[in-house]
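Values in this text are rule-based calculations from the coordinates and carry no lab data. Computed from a predicted model, the values in this text were never measured in an experiment. Methodologically, a virtual Cβ is constructed for each residue, glycine included, from the backbone with ideal geometry; neighbour enumeration extends over all protein chains shown.
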Amino acid sequence: MNFMKNRFWSLCCCLIVTFSANAQKKLTEGTISYDVVITTGSDKPKNADFLDGTTVVNYIKGDKSRTEMVSPLGTLTTVFDGAKNSIVILKDIGEQKYMITLTPNDWKDANKKYDGISFTYEEGEKTILDYKCKKAVARLQDGTTYTVWYTPDLIPENKNFQYETRSLPGLAMEYETVNAKGEKTTYTVSKINFSPVPASKFDLPKSGYRVMTYAESKAGG
């Protein structure tokens, strides 16, 4: 009788482990789209209000990623090639077009506010695009905190496309940031497409852009 009970519980454990493994999906290629909402906390129009309707689209293919932030003011694109340790930012603002080249150290400097970021995992659950999401609170070294809802069912192998949430044990489905002016920006996944991403998506323009280094861009070109 005890033998039968032990076999039963062993079978249950195997089923639980198998189900958990099947539920998780390694995200090696696909397209992740976010809707962006900016809250100024004021009835008076501000510059941030002109960014309403902004979207962020991330294209991922192996160790390559391309992030396009499209707003009414223009487009900011970041192309990351992990194999070459190459980072390029394209700025399209009206007729002004800039191609900024960065080294890995430049990229770290550009995101230095997120160095030392830590996450506290709290109780809470919500569903986004049919994915069950868990709650985490991010804390920056300057004391700033923000909430992140992530799903452990999607595990991005390439963490380069989202610097501020790269240490999470899953894909950030919704997160918010607050700047020094108290303006809150919320990013929420609107669509996930697992179709193959064309290799040409990561090609860089060969003309039409003013090329500069990261240092030159910081100095105002």
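General remarks:
- Among 149, 107, sorting on how many other beta-carbon atoms sit within 10 Å of each Cβ, with the fewest leading, yields 107, 149.
- Relative pair counts by distance (%), Cα atoms of the range 25-218, 5 Å bins: 1, 7, 14, 18, 20, 19, 12, 6, 2, 0, 0
- Computed about the Cα centre, the dipole magnitude for the range 64-221 is approximately 280 debye when only Lys and Arg (+1) and Asp and Glu (-1) carry charge, each at its Cβ.
- Sorted largest first, the spans of the alpha carbon positions of the range 107-221 along the three principal axes are 49, 39, 23 Å.
- Gap separating the Cα centres of the range 148-196 and the range 86-134, nearest whole Å: 8 Å
- Note on 167, 217: ascending count of other Cβ atoms within 10 Å places them as 167, 217, the fewest first.
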